[in-house]
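See below for the structure under consideration.
Coordinate-derived values only; no laboratory data. Bear in mind the structure is a predicted one, so any value in this text is a computation, not a measurement. In this analysis, Cβ positions are derived from the backbone assuming ideal geometry, glycine residues included, and neighbour counts consider all displayed protein chains.
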Amino acid sequence: MADLVQKLSEAFDHTEGVLRGVRPEHLDQPTPCPEWDVQTLVSHFGGVVVNMGRGAGGEALLAPDEAFPVGEDLAARFRTEADRTLAAWRARGLEGEVDVGAGPMPASIAIGVNLVDTSTHTWDVAKATGQPADLPDDVATTALELAQGFVPQLREVVGIAPPVPVGDDASPTDRLVAFMGRQP
């Protein structure tokens with residue numbers, strides 16, 4: 001458990017840094033997710049982080065019409081929710097099932113979804129806002145390993161594009177985002 005929680009913590013640290021670089025003029029820019037601009041994407045994955053923490057903590061999830069607020073102090077708001085989510089995962093552990101919004105699933109899968117979703121969408125935001133997009137290598141490697149375990153079953157259901165081929169010399173980040181259907 002400690003390793004996955006640690007990798008999620010490292011991913012959240014990276015995300016906080018990228019979100020510090022998001023400016024108001026970036027919010028309506030397109031992202032590698034064709035139907036989402038920066039604001040919509042950050043609201044989506046911020047909401048996922050909130051629901052992961054709430055679900056892991058046994059709390060009520062966000063209502064369908066609730067959204068993660070995007071605006072001033074974005075990085076600080078994300079950090080607050082990221083810290084709550086990490087605390088919930090640490091307190092709960094990864095045994096048994098948890099409902100984080102998609103129905104009951106093994107907690108070990110849910111934290112993996114948390115890591116993959118946050119890592120991939122942080123890359124999307126970095127690309128869309130002209131920031132360095134590489135994740136820490138160990139985070140990208142772990143996220144890819146986890147994604148390979150559950151994304152193939154979800155690709156068509158949730159609209160994840162097919163993998164993009166990359167060379168043998170591709171970085172861990174490029175391998176992850178290519179597997180998630182993005183052109184590195």
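So the values come out like this:
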| item | result |
| --- | --- |
| 11 Å beta-carbon shell around Val5, net charge (K/R +1, D/E -1) | +1 |
| Sequence ranges 122-133, 20-31, ranked by mean other-Cβ count within 10 angstrom, highest first | 122-133, 20-31 |
| Contour excess over end-to-end distance, with Cα ends at His44 and Arg155 and 0.36 nm allotted per residue | 38.2 nm |
| Hydrodynamic radius by Kirkwood, which averages 1/r over all alpha carbon pairs of region 26-110, in angstrom | 13.6 |
| Computed FRET value (nearest 0.05) for Ala67 with Ser171, which takes r as the C-beta separation and R₀ as 22 Å | 0.10 |
| Cα-centre dipole for the chain with unit charges at Cβ (Lys and Arg positive, Asp and Glu negative), debye to 20 | 140 |
| Spin-label zone in region 31-51 - amide nitrogen under 16 Å from a point set 7 Å from the Cα of Ala76 along the C-beta vector | none |
| Label zone at Arg20, where the point sits 7 Å out along the Cα-to-Cβ direction: region 69-89 residues whose backbone N lies under 14 Å | 73-80 |
| Dipole of the chain [Lys/Arg +1, Asp/Glu -1 at C-beta], most positive-end residue of Gly21, Leu8, Thr120 | Leu8 |
